[in-house]
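Inspection log for the structure reproduced underneath, given as C-alpha coordinates.
The values are calculated or read from the model by the stated rules, or taken from the named source; none is laboratory data. Quick caveat: nothing in here was measured; it's all calculated off a predicted structure. Please note: Cβ atoms are built from the backbone with ideal geometry, for glycine as well, and neighbour counts cover all protein chains shown.
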Amino acid sequence: MFKFDFINLKYIFISIISLLIIFIVMMISWYKLFKKAGKKGYIAFIPFYNIWTLFEIGNVKGFYSLLILIPLLGLLIFIILYYKALVEIVRRLDKNKVLAILCIFFPIFIYPYLGFSSSIYEVKPVVKETSILDIDLEGVIEDKEFNYGYEKEDTEVMKPIKKKTGNKKKTTKKK
(Lines give C-alpha, C1' and ligand atoms only; values in the text may rest on other atoms or scores of the structure.)
Protein backbone atom coordinates (compact mmCIF):
# COMPACT_ATOMS: atom_id res chain seq x y z
CA MET A 1 0.00 0.00 0.00
CA PHE A 2 1.12 3.55 -0.64
CA LYS A 3 2.39 5.17 2.48
CA PHE A 4 2.39 8.96 2.63
CA ASP A 5 5.59 10.42 3.97
CA PHE A 6 7.76 13.39 3.14
CA ILE A 7 10.44 11.35 1.35
CA ASN A 8 8.00 10.42 -1.44
CA LEU A 9 6.76 14.00 -1.58
CA LYS A 10 10.33 15.20 -2.07
CA TYR A 11 10.81 12.92 -5.12
CA ILE A 12 7.50 14.04 -6.60
CA PHE A 13 8.47 17.67 -6.13
CA ILE A 14 11.90 17.10 -7.75
CA SER A 15 10.24 15.31 -10.68
CA ILE A 16 7.76 18.13 -11.25
CA ILE A 17 10.50 20.78 -11.12
CA SER A 18 12.68 18.75 -13.53
CA LEU A 19 9.83 18.34 -16.03
CA LEU A 20 9.01 22.03 -15.78
CA ILE A 21 12.63 22.97 -16.53
CA ILE A 22 12.71 20.60 -19.52
CA PHE A 23 9.42 22.06 -20.78
CA ILE A 24 10.71 25.64 -20.49
CA VAL A 25 13.99 24.81 -22.27
CA MET A 26 12.12 23.07 -25.10
CA MET A 27 9.62 25.90 -25.57
CA ILE A 28 12.33 28.55 -25.63
CA SER A 29 14.28 26.46 -28.15
CA TRP A 30 11.20 26.08 -30.34
CA TYR A 31 10.57 29.82 -29.97
CA LYS A 32 14.04 30.55 -31.37
CA LEU A 33 13.65 27.91 -34.12
CA PHE A 34 10.28 29.34 -35.22
CA LYS A 35 11.74 32.85 -35.29
CA LYS A 36 14.60 31.59 -37.49
CA ALA A 37 12.08 30.04 -39.89
CA GLY A 38 10.12 33.28 -40.17
CA LYS A 39 7.15 32.18 -38.04
CA LYS A 40 5.83 33.92 -34.95
CA GLY A 41 7.75 32.75 -31.90
CA TYR A 42 4.81 32.62 -29.49
CA ILE A 43 3.37 29.70 -31.48
CA ALA A 44 5.83 27.48 -29.61
CA PHE A 45 3.71 27.87 -26.45
CA ILE A 46 0.38 26.82 -28.08
CA PRO A 47 -0.27 23.05 -27.76
CA PHE A 48 -0.88 21.11 -31.02
CA TYR A 49 -0.44 24.28 -33.10
CA ASN A 50 3.28 24.24 -32.27
CA ILE A 51 3.63 20.75 -33.76
CA TRP A 52 1.48 21.83 -36.73
CA THR A 53 3.89 24.74 -37.32
CA LEU A 54 6.94 22.52 -36.83
CA PHE A 55 5.58 20.24 -39.56
CA GLU A 56 4.99 23.22 -41.87
CA ILE A 57 8.54 24.45 -41.29
CA GLY A 58 9.74 20.95 -42.16
CA ASN A 59 7.76 20.94 -45.44
CA VAL A 60 5.15 18.44 -44.22
CA LYS A 61 1.46 19.35 -44.34
CA GLY A 62 0.48 20.66 -40.93
CA PHE A 63 -2.77 18.77 -40.58
CA TYR A 64 -0.78 15.52 -40.46
CA SER A 65 0.12 16.50 -36.90
CA LEU A 66 -3.43 15.57 -35.94
CA LEU A 67 -2.60 11.92 -36.64
CA ILE A 68 -1.24 11.70 -33.11
CA LEU A 69 -4.86 11.59 -31.94
CA ILE A 70 -5.37 8.17 -33.61
CA PRO A 71 -4.33 5.38 -31.23
CA LEU A 72 -1.24 3.25 -32.02
CA LEU A 73 -1.10 3.49 -35.83
CA GLY A 74 -1.43 7.28 -35.73
CA LEU A 75 1.52 7.51 -33.36
CA LEU A 76 3.69 5.40 -35.68
CA ILE A 77 2.77 7.50 -38.73
CA PHE A 78 3.30 10.66 -36.67
CA ILE A 79 6.84 9.60 -35.72
CA ILE A 80 7.71 8.91 -39.37
CA LEU A 81 6.37 12.29 -40.51
CA TYR A 82 8.02 14.00 -37.53
CA TYR A 83 11.36 12.52 -38.60
CA LYS A 84 10.74 13.66 -42.20
CA ALA A 85 10.04 17.20 -40.97
CA LEU A 86 13.15 17.17 -38.79
CA VAL A 87 15.33 16.05 -41.70
CA GLU A 88 14.04 18.97 -43.77
CA ILE A 89 14.56 21.46 -40.94
CA VAL A 90 18.11 20.23 -40.36
CA ARG A 91 18.80 20.38 -44.11
CA ARG A 92 17.58 23.97 -44.31
CA LEU A 93 19.78 24.90 -41.35
CA ASP A 94 22.79 23.35 -43.16
CA LYS A 95 23.41 20.82 -40.40
CA ASN A 96 24.16 17.10 -40.53
CA LYS A 97 21.17 14.78 -41.03
CA VAL A 98 22.29 12.73 -38.04
CA LEU A 99 20.90 15.56 -35.90
CA ALA A 100 17.39 14.63 -37.05
CA ILE A 101 17.80 11.13 -35.58
CA LEU A 102 19.38 12.50 -32.41
CA CYS A 103 16.56 15.02 -32.10
CA ILE A 104 14.04 12.20 -31.77
CA PHE A 105 15.96 10.53 -28.95
CA PHE A 106 17.56 13.56 -27.26
CA PRO A 107 15.36 16.58 -28.02
CA ILE A 108 16.35 18.38 -24.81
CA PHE A 109 19.91 18.73 -26.18
CA ILE A 110 19.38 19.05 -29.94
CA TYR A 111 16.55 21.61 -30.09
CA PRO A 112 18.54 24.18 -28.06
CA TYR A 113 21.48 23.54 -30.38
CA LEU A 114 19.30 24.14 -33.46
CA GLY A 115 17.53 27.15 -31.94
CA PHE A 116 20.53 28.95 -30.50
CA SER A 117 23.11 28.12 -33.18
CA SER A 118 24.25 30.85 -35.53
CA SER A 119 22.98 29.01 -38.60
CA ILE A 120 20.43 30.72 -40.81
CA TYR A 121 17.23 29.01 -41.92
CA GLU A 122 17.36 29.03 -45.72
CA VAL A 123 14.30 28.43 -47.80
CA LYS A 124 15.79 26.26 -50.51
CA PRO A 125 13.64 25.29 -53.48
CA VAL A 126 12.30 21.80 -53.11
CA VAL A 127 12.73 19.62 -56.18
CA LYS A 128 9.30 18.25 -56.88
CA GLU A 129 8.94 14.89 -58.56
CA THR A 130 6.64 15.07 -61.55
CA SER A 131 3.78 12.72 -62.07
CA ILE A 132 1.34 12.10 -64.88
CA LEU A 133 -1.03 14.61 -63.26
CA ASP A 134 1.52 17.43 -63.59
CA ILE A 135 1.71 17.41 -67.41
CA ASP A 136 1.41 20.86 -68.94
CA LEU A 137 -0.79 20.78 -72.03
CA GLU A 138 -0.24 24.42 -73.00
CA GLY A 139 1.87 23.65 -76.05
CA VAL A 140 -0.49 21.04 -77.50
CA ILE A 141 -1.92 22.03 -80.89
CA GLU A 142 -5.69 22.18 -80.88
CA ASP A 143 -7.72 20.55 -83.59
CA LYS A 144 -10.99 22.32 -84.41
CA GLU A 145 -12.72 19.03 -85.20
CA PHE A 146 -12.28 17.74 -81.66
CA ASN A 147 -12.93 20.85 -79.57
CA TYR A 148 -16.61 20.18 -78.98
CA GLY A 149 -17.86 23.07 -81.09
CA TYR A 150 -15.87 25.80 -79.34
CA GLU A 151 -13.04 27.96 -80.55
CA LYS A 152 -10.31 29.32 -78.30
CA GLU A 153 -9.59 33.06 -78.50
CA ASP A 154 -6.54 34.94 -77.24
CA THR A 155 -8.52 36.14 -74.23
CA GLU A 156 -8.93 32.54 -73.03
CA VAL A 157 -12.73 32.88 -73.47
CA MET A 158 -14.47 30.05 -75.21
CA LYS A 159 -16.88 31.14 -77.96
CA PRO A 160 -19.01 28.99 -80.26
CA ILE A 161 -17.59 28.36 -83.72
CA LYS A 162 -19.42 30.34 -86.35
CA LYS A 163 -20.26 28.40 -89.45
CA LYS A 164 -19.35 30.20 -92.61
CA THR A 165 -22.46 30.69 -94.70
CA GLY A 166 -21.23 32.88 -97.56
CA ASN A 167 -22.18 32.83 -101.21
CA LYS A 168 -20.92 29.65 -102.62
CA LYS A 169 -20.22 29.75 -106.30
CA LYS A 170 -22.02 27.04 -108.13
CA THR A 171 -20.06 25.64 -110.91
CA THR A 172 -21.94 24.44 -113.86
CA LYS A 173 -20.41 22.33 -116.44
CA LYS A 174 -20.91 23.47 -120.00
CA LYS A 175 -21.45 20.81 -122.52
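The numbered conditions (1) surrounded by 11 or more Cβ atoms within 10 Å (Cβ to Cβ); (2) modelled with pLDDT under 90 are all true for S29 except (2).
When we screen F55, F34, F78 for residues that are modelled with pLDDT under 90, crowded, with 16+ Cβ neighbours inside 10 Å and within 17 Å of the chain's Cα centre (by Cα), the only hit is F78. For G41, the conditions (1) in contact with a Phe, Trp or Tyr (Cβ under 7 Å, 6 or more places away or on another chain); (2) in contact (Cβ under 8 Å) with a residue 12 or more places away in the chain all hold with the exception of (2).
Here is a yes/no grid of residues against (1) among the hydroxyl-bearing types (S, T, Y); (2) on the phi < 0 side of the Ramachandran plot; (3) in contact with a Leu (Cβ under 6 Å, 6 or more places away or on another chain):
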position: I16; (1), (2), (3): no, yes, no
position: S29; (1), (2), (3): yes, yes, no
position: I43; (1), (2), (3): no, yes, no
position: I51; (1), (2), (3): no, yes, no
position: L76; (1), (2), (3): no, yes, no
position: R91; (1), (2), (3): no, yes, no
position: K95; (1), (2), (3): no, yes, no
position: P107; (1), (2), (3): no, yes, no
position: I110; (1), (2), (3): no, yes, yes
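Looking across the range 56-94, just one residue is among the polar types (S, T, N, Q) and in a helix (DSSP H, G or I), and that is S65.
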